[in-house]
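A.B. asks: Dropping a structure here in structure tokens format, bear with me for questions.
The values are calculated or read from the model by the stated rules, or taken from the named source; none is laboratory data. Since the structure is predicted, the reported quantities are computational estimates derived from the model, not experimental observations. Glycine also receives a Cβ, built like all others from the backbone with ideal geometry; neighbour counts cover every protein chain displayed. Calculation scope for accessible area: heavy atoms of the full protein, side chains included, ligands and nucleic acids excluded. Shrake-Rupley method; radii C 1.70, N 1.55, O 1.52, S 1.80 Å.
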Amino acid sequence: MQDSTDQTTRASRAGGPSVKTVVVPAAGMGTRFLPATKTVPKELLPVVDTPGIELIAEEAAALGAQRLAVVVAPNKEEIMRHFGEFAELQRIMLARGKDEQAAKVGRANGLIEAVAVTQDQPLGLGHAVGCAEAALDEDEDVVAVMLPDDLVLPVGVMEKMVAVREQLGGSVLCAFNVTRDEVFNYGVFDVEEPVDGFDGFEVRRVRGMVEKPAVEDAPSTLVATGRYLLDRGVFDALRRIEPGKGGELQLTDAIELMISEGHPVHVVVHEGKRHDLGNPGGYIPANVDFGLRDAKYGPALYTAVKKIIADYEAEHPGLAGGASAQD
Ligand code: G1P
């Protein structure tokens, strides 16, 4: 089947901005963070002092995007307030000589234009992305999606994905290798051998994709990690899929549909780190990791964490020597 790939590849080679809008689905209920999420949206919980969604905005701005289309549930619109001006708070910080805090207050607002897209019902990630169609300009032929639960580090994987799309066309996703017993949490790729011609990172063509398979059905241990560069045709595919895993409209199923119709999909295999801010088990290590690297808090945190671990190991003699609680 013919698609718009050739045209879009030419457009981006012609030097136009390749990603203008980044779609950020943020309508989830944050169940795994209750009771905090009774009143605070999960995306506003801080990594050290900065809400996860601001880290995503920073990554989108670094990519050169101009607009963040934040998909929110009707009762979660306060997320958008974080991107407001807060001139009075900034003024107070400056008057008190707290220049660093004043800069932090103004940062989100200055990074990127954030617009809210309302998802009326929680019908799944695919539905959320579909809701953002009207937020894109007509000349945008690529839909970038960043899931705020996923921190993919070091930042810069989207730039690699843009380079792959420029060379190979189609859609490009980010893959991460997990252990086989973790695959059931993710969209899992069936991939071909690496494609030649990319320096410093691995690119593979995707034969198929399946959402949260049972371990024995998983086609590989390469999973989707919350960074997507999709051809605009994904909106059409999203209109044609049926509810899938969990009774929800899955983005994975729309991508699988596009693949089955001949649309080229590749993955960049991410070799760095990933933090999952979507549950306390991933959120806490993310805070420790960012905290240790923080100039202000890092040194004391290092001492404190070492002490906590030493105490813990003393209470659990079997653990010392490197075994983890799961081993
Ligand atoms: C979503 C996607 C899944 C992907 C994951 C990455 O799942 O549906 O394909 O692997 O994000 O974090 P969720 O974590 O929202 O259940």
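A.B. asks: If packing is taken as the average count of other Cβ atoms within 10 Å, what order do 221-229, 303-311, 252-260, 56-64 fall into, highest mean first?
C.D. replies: Order by mean packing, descending: 221-229, 252-260, 56-64, 303-311.
A.B. asks: How much net charge surrounds Glu182 when only the other residues with a Cβ under 12 Å from the Cβ of Glu182 are counted, with Lys and Arg +1 and Asp and Glu -1?
C.D. replies: Computed value for this residue: +1.
A.B. asks: Packing-wise, with mean Cβ within 10 Å as the measure, how do 112-125, 289-302 rank, highest first?
C.D. replies: By packing density, highest mean first, the sequence is 112-125, 289-302.
A.B. asks: Once the dipole of the chain is set up with Lys and Arg at +1 and Asp and Glu at -1 on Cβ about the Cα centre, which of Val268, Val188, Leu34 lies farthest towards its positive end?
C.D. replies: Value computed over the given set: Leu34.
A.B. asks: Moving on to the next point. How big is the chain on each of its three principal axes, counting only the C-alpha atoms and giving the largest first in Å?
C.D. replies: 60, 54, 41
A.B. asks: With the cut-off at 31 Å, tell me which of the pairs Lys20/Lys296; Lys273/Lys306; Lys98/Lys273; Lys212/Lys306 have Cα atoms farther apart than that.
C.D. replies: Lys20/Lys296; Lys98/Lys273; Lys212/Lys306
A.B. asks: Take Ala310 and Glu261, extend 7 Å from each Cα along the Cα→Cβ direction, and tell me the distance between the two endpoints in nm.
C.D. replies: Computed distance between label sites Ala310 and Glu261 equals 6.2 nm.
A.B. asks: Hey, another quick one. When Lys and Arg each count +1 and Asp and Glu each count -1, what net charge do the other residues less than 10 Å away from Gly226, Cβ to Cβ, add up to?
C.D. replies: Overall, the nearby charge balance is -1.
A.B. asks: Still on this model: Rounded to the nearest percent, how much of the accessible area of the chain (1.4 Å probe, protein heavy atoms only) is carbon and sulfur?
C.D. replies: It is 53 percent, rounded to a whole number.
A.B. asks: Just to confirm, what accessible area per residue do you get for the chain at 1.4 Å probe, in whole Å²? Please list the in-between numbers first.
C.D. replies: Working: 16240 Å² over 327 residues.
In whole numbers, the chain has 50 Å² accessible per residue.
A.B. asks: Also, I was wondering about something else. Can you give the percent of C-alpha pairs in the stretch 98-213 whose distance is more than 24 Å?
C.D. replies: That fraction is 44 percent.
A.B. asks: Quickly rank 70-83, 143-156 as a protection proxy: mean count of other C-beta atoms within 10 Å, highest first.
C.D. replies: Ranked from most to least packed, the peptides come out as 143-156, 70-83.
A.B. asks: Aspartates and glutamates within cross-link reach of Lys307: Cα-Cα under 18 Å, excluding same-chain residues under 8 positions apart?
C.D. replies: Asp289, Glu315
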